[in-house]
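Here, each number is a calculation from the coordinates, and none is a lab measurement. Bear in mind that the values here come from a model prediction, so they are computed numbers and not experimental data. Note that we place each Cβ from the backbone using ideal geometry, even for glycine, and neighbour counts take in every protein chain shown.
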């Protein structure tokens with residue numbers, strides 16, 4: 001029995017940090033006499049070359065303790081070596097009080113653009129109180145060029161000179177769900193419009209992230225989007241299961257060269273959502289490039305009343321839809337079949353979305369579509385034609401055998417007479 005007690009105690013002590021990690025509590029070091037805690041758990045900054053920005057780091061303590069110091073360090077290389085601390089070490093006074101330091105981040109003037117990730121470490125002077133690790137990302141952008149000098153130039157022949165106007169980006173974002181639960185996805189449609197600049201498509205660096213009520217980044221993703229004139233796609237981020245209830249911000253920043261634009265929209269994290277009253281199912285479909293086909297959806301009301309529903313197709317890039325929205329009335333107890341004519345222009349595996357809106361609810365349904373290159377369609381047709389010819393030949397041979405057998409039997413009957 002005594003050994004069983006030690007085994008159970010060991011399992012409990014070992015499972016505490018594991019459970020904490022599974023529930024998103026990664027910035028706390030669990031010990032019996034208290035822990036050091038840092039806020040925010042992570043952060044994200046957009047800083048131009050040769051400029052600086054700052055971020056406050058708050059330090060407090062959980063549990064009983066006496067005053068001690070938190071010593072700050074950074075990761076090696078960029079962006080860790082761009083950081084300095086206004087106060088280091090920071091006194092963590094007892095009992096259960098807070099203190100903070102300001103992290104100053106200075107980006108070198110010649111630093112290439114892009115995303116740089118690093119860490120900030122806070123170690124307690126009392127080693128039994130553990131430490132904090134704060135991951136952070138710096139998005140380095142270019143400095144806008146100075147305006148051209150006033151006045152005109154002299155004469156001269158300018159034949160063949162092509163003047164390209166500066167690129168201008170206009171970004172818009174629309175949240176597709178007003179409310180979402182912790183641990184779920186939040187979907188947003190981000191539209192990027194390009195004016196001026198070089199002809200044809202350009203690669204726009206898109207950063208989109210969620211800010212909590214304290215301005216902390218709780219999820220972030222990066223993407224490169226080819227924009228010729230206007231491009232609209234649906235994106236998602238995931239809400240941490242430990243997120244507090246309240247109003248959050250979904251923000252997007254588009255960058256191409258010296259052009260930068262941003263947009264944002266808000267949504268609410270709630271404890272519970274009402275049950276869905278509409279069900280939409282997408283039948284599996286494989287398309288061929290250049291061949292028109294239909295995405296087939298089955299829609300029905302899950303309630304005992306009729307519903308007026310607006311359904312929007314967010315087709316993935318490379319899929320052209322003849323229509324992208326329809327308003328229908330769903331009759332209780334009946335299933336409605338909807339056809340969405342589409343033509344593929346690229347082959348691959350893509351993810352599309354249907355947005356179902358009724359009354360004050362909005363539901364997003366993902367679907368995956370496989371698009372095959374056109375030559376496979378030709379090969380498939382060729383195989384089908386060959387199979388048909390083989391079947392015709394076999395059928396014809398069978399008929400000939402039957403005819404021969406019939407003639408032989410007829411001859412035998414005549415001989416027998």
Can you give the direction-averaged projected area of the convex hull of the alpha-carbon atoms in region 278-372, in nm²?
-> 5.4 nm²
Extending each Cα 7 Å along its Cβ direction at residue 245 and residue 69, get the distance between those two points in nm, one decimal.
-> 4.4 nm
Would you kindly calculate the translational diffusion coefficient of region 166-236, applying Stokes-Einstein with the Kirkwood radius from alpha carbon pairs, for 4 °C and a viscosity of 1.567 mPa s, and quote it in µm² s⁻¹ without decimals?
-> 95 µm²/s
Just subtract the alpha-carbon distance of residue 306 and residue 397 from 0.36 nm times their residue separation and send over the number in nm, one decimal.
-> 26.8 nm
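Can you tell me the order of 134-142, 100-108 when each peptide is scored by its average per-residue count of other Cβ atoms within 10 angstrom, highest first?
Numbers: 134-142: 20.0, 100-108: 17.6.
Highest mean packing first, the order is 134-142, 100-108.
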Between the alpha carbon centres of region 186-239 and region 258-291 the gap in Å comes to 15 Å
